[in-house]
Every structure is written in C-alpha cells, then in structure tokens.
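Below: the structure, in structure tokens.
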Amino acid sequence: MTKILVAGASGYLGKYILEELHSWKIPAIALVRAPEKLEDLNYRNIKIVQAEVTRPETLSGVCKDVETVISTVGITRQKDGLTYMDVDYQANLNLLKEAQRTGVRKFIYVSVINGDKLRHLKITEAKERFVDALKASGLEYTVIRPSGFFSDLREVLYMAEKGRVVLFGNGESKLNPIHGADLAEVCVRAIAQKEKEISVGGPDILTQNEIAEMALCAWNKPANIVHLPGWIRLLILHTAKIFLPGQKNGPLEFFLTLMALDSIATRHGNHRLQDFFNHEVQQIKQP
C-alpha cells in the first residue's frame, strides 16, 4: 500500500485529509509539531510523528518509505517570531529537500487561487516562492489552488452576530469557497492524477452580498448589509502598510485585496455554505 505523509496534519485542512486517507484505507504519517492536537485520532492506518518543519534537523528520516507528501503547511497570522518566509516558504522547502533526499515520488502543495498573480502580497509571495522551488525540484508535483475555505468566512459570521455585515464596494464580487472535507478529497485524488495545478472551489458561486445574507440568516437576523465606498478599502490598505507592523498587516492586506476580486474555480463537492454557517452558530450557542 502507498504511504502518504501529511504535513500540517493538525490544522483545519490537514485533519480532513487524514479522514479522507483513512476512508480510502491508505497508510499515512501525520507530521505535527504538537501531537496532543491529534490526541483524539483513532485511525489504525495513520501514524503520528512529531517534528517541526521550521527546524530541518527534526525532519531526518520522516519521509522514509513515503511515496507522496501532502503539505498544508502555512500560517495566516505571523506569530512566535516566525514570518511567512520562515513557514510558507522555508519550512516547506525543508520538507521538500528531505523528500528529495529519500526518494519521494510526488509532492502535493496547497497554495491559494491566483497566487501566481498576487506575488506582491506578503503571504502569497512566500507561497509562490515555494511553488517555484517545487517546480524546479525534479519531483512530480501538484499545486492545489482553493478559491477560499468555508472556515475563512467565519469572520463574516462573527460580524453577522451583531446584526450587520460591512462590505466594500457593491458586494457583487464572486467566489465559490470550498469545505475542508471536499478539498481534502481533491488533495487525496491528486496522488494518482497527472495535473500539475488544480484550481478548485465549492459547488456554489456566490456574491459577497449572498454570503453576508447567509451569515445573517444563520443568526435569524434581518438582511442588514452596509456597503462602504471602495476608496475606503484602498485607504485602509495604504494606511496599514505605513502604520501596522508586517506581521499584522499581512492578513489584512490579503483579505482586503481579495475582497475586490472574483475568485472562481472549478466547482467541486457537495457541502453548502449555509449549512456550514448554521452548524457554526449551533456550536457557538452551545453552553
């Protein structure tokens, strides 16, 4: 049986990938910095290995007998003194070098949609620099480019709890975000596929207005959406670059830039955003 190594296995997407591998009965290694985050894992075909991808000396031998590496390693907010270049680029590069050294066949990396066109952003600059290294590695590879996670839209849901959602512009920019379980299926199927890049999203193409309405509906709130002029978004972007330190500006820069763009990819999966929002609200309301 093929053995797969999942890096970033304790994260949002990583856990879904482990579930998908388990359902396919594929032996796997879950590479994590903090094993206690997977203490509830009870899959006999998955072995937990502790290592820190930012410290290459801890990676020695982790790819032994591994056929494919799937990496979801990356950070949204810089912390612990680590930058995007430290994690999204260098940590993945450390893992790639270990994969090359031990004869891994394929490396699957999860980046972002249109990342190659957004290199001016701090987050995507680091991700795409690693994509460049992956393409030059000589290994078979697939770069997965999701159009956005359901989990990324929790911020809209939290805003909606107060009875109002604020958007920039007319709110008609479109995206088709994808649930972690549906994206995990794409990642696992990529093990045997030949595509070098896969842009993928969820089954429904939605405007920002529709997403805001869904979030308010989940709280049983009336449709109260405030539209701010687009120039305010640009002003915030410019001001943040001047006054916010890099580690705090990165997520804001990424979020505000993508708010003005359409992010539509090949439709996949059967999870719906409204169901996700409804479930999240139920979890929040539980005592």
Flag for GLY138 being modelled with pLDDT of 95 or more and on the phi > 0 side of the Ramachandran plot
yes
If we keep only residues of segment 117-141 that are under 23 Å from PHE254 (Cβ atoms) and in contact with a strand residue (DSSP E or B) (Cβ under 9 Å, 6 or more places away or on another chain), then the residue most open to solvent (accessible area, probe 1.4 Å) is LYS135
The residue that is farthest from the chain's Cα centre (by Cα), considering only those in segment 184-242 that are surrounded by 12 or more Cβ atoms within 10 Å (Cβ to Cβ), polar (S, T, N, Q) and more than 17 Å from TYR158 (Cβ to Cβ), is ASN209
For segment 79-105, pairs from a residue that is more than 12 Å from VAL62 (Cβ to Cβ) and touching a residue at least 24 places away in the same chain (Cβ under 8 Å) to a residue that is buried (at least 20 other Cβ atoms within 10 Å of the Cβ) and of a type in the set (Ser, Thr, Tyr), with Cβ under 7 Å and 6 or more apart or across chains, are ASN92/SER71; ASN92/TYR109; ARG105/THR68
Of the residues in segment 23-55, those that are acidic (Asp, Glu) and open to solvent by 70 Å² or more (accessible area, probe 1.4 Å) come to GLU36, GLU39, ASP40
Selection from segment 189-234 of residues within 22 Å of TYR109 (Cα to Cα) and in contact with a helix residue (DSSP H, G or I) (Cβ under 7 Å, 6 or more places away or on another chain) yields ILE198, VAL200, GLY202
Only unsatisfied item for ASP116, checking (1) modelled with pLDDT of 95 or more; (2) assigned to a helix (DSSP H, G or I); (3) closer than 25 Å to SER263 by Cβ, is (1)
Scanning segment 46-92 for residues that are at pLDDT below 95, within 22 Å of GLU185 (Cβ to Cβ) and assigned to a loop (DSSP other than H, G, I, E, B) gives GLY74
Test result for LYS285, basic (Lys, Arg), touching a residue at least 40 places away in the same chain (Cβ under 8 Å), open to solvent by 40 Å² or more (accessible area, probe 1.4 Å) and closer than 13 Å to LEU157 by Cβ | no
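For segment 269-279, what are the residues that are at negative phi and either open to solvent by 50 Å² or more (accessible area, probe 1.4 Å) or touching a Pro at 6+ places or on another chain (Cβ under 7 Å) (or both)? Lay out the reasoning, then the answer.
Quick first cut of segment 269-279, residues at negative phi only: 270-279.
Across segment 269-279, the qualifying residues are ASN270, HIS271, ARG272, LEU273, ASP275, ASN278, HIS279.
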(1) within 30 Å of CYS217 (Cα to Cα); (2) of a type in the set (Gly, Ala, Ser); (3) not in a loop (DSSP other than H, G, I, E, B) all hold for ALA126 apart from (1)
Scanning segment 157-180 residue by residue, those closer than 23 Å to GLY14 by Cα, open to solvent by 10 Å² or more (accessible area, probe 1.4 Å) and not in a loop (DSSP other than H, G, I, E, B) turn out to be LEU175
Those residues of segment 1-22 which are open to solvent by less than 10 Å² (accessible area, probe 1.4 Å) and among the small types (Gly, Ala, Ser) amount to ALA7, ALA9, GLY14
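The values are calculated or read from the model by the stated rules, or taken from the named source; none is laboratory data. Values in this document were obtained by computation on a predicted structure and should not be read as measured data. Neighbour counts are summed over all protein chains in view; Cβ atoms, including those assigned to glycine, are modelled from backbone coordinates with ideal geometry. The area values use the complete protein model at the heavy-atom level, side chains included, leaving out ligands, DNA and RNA. Shrake-Rupley method; radii C 1.70, N 1.55, O 1.52, S 1.80 Å.
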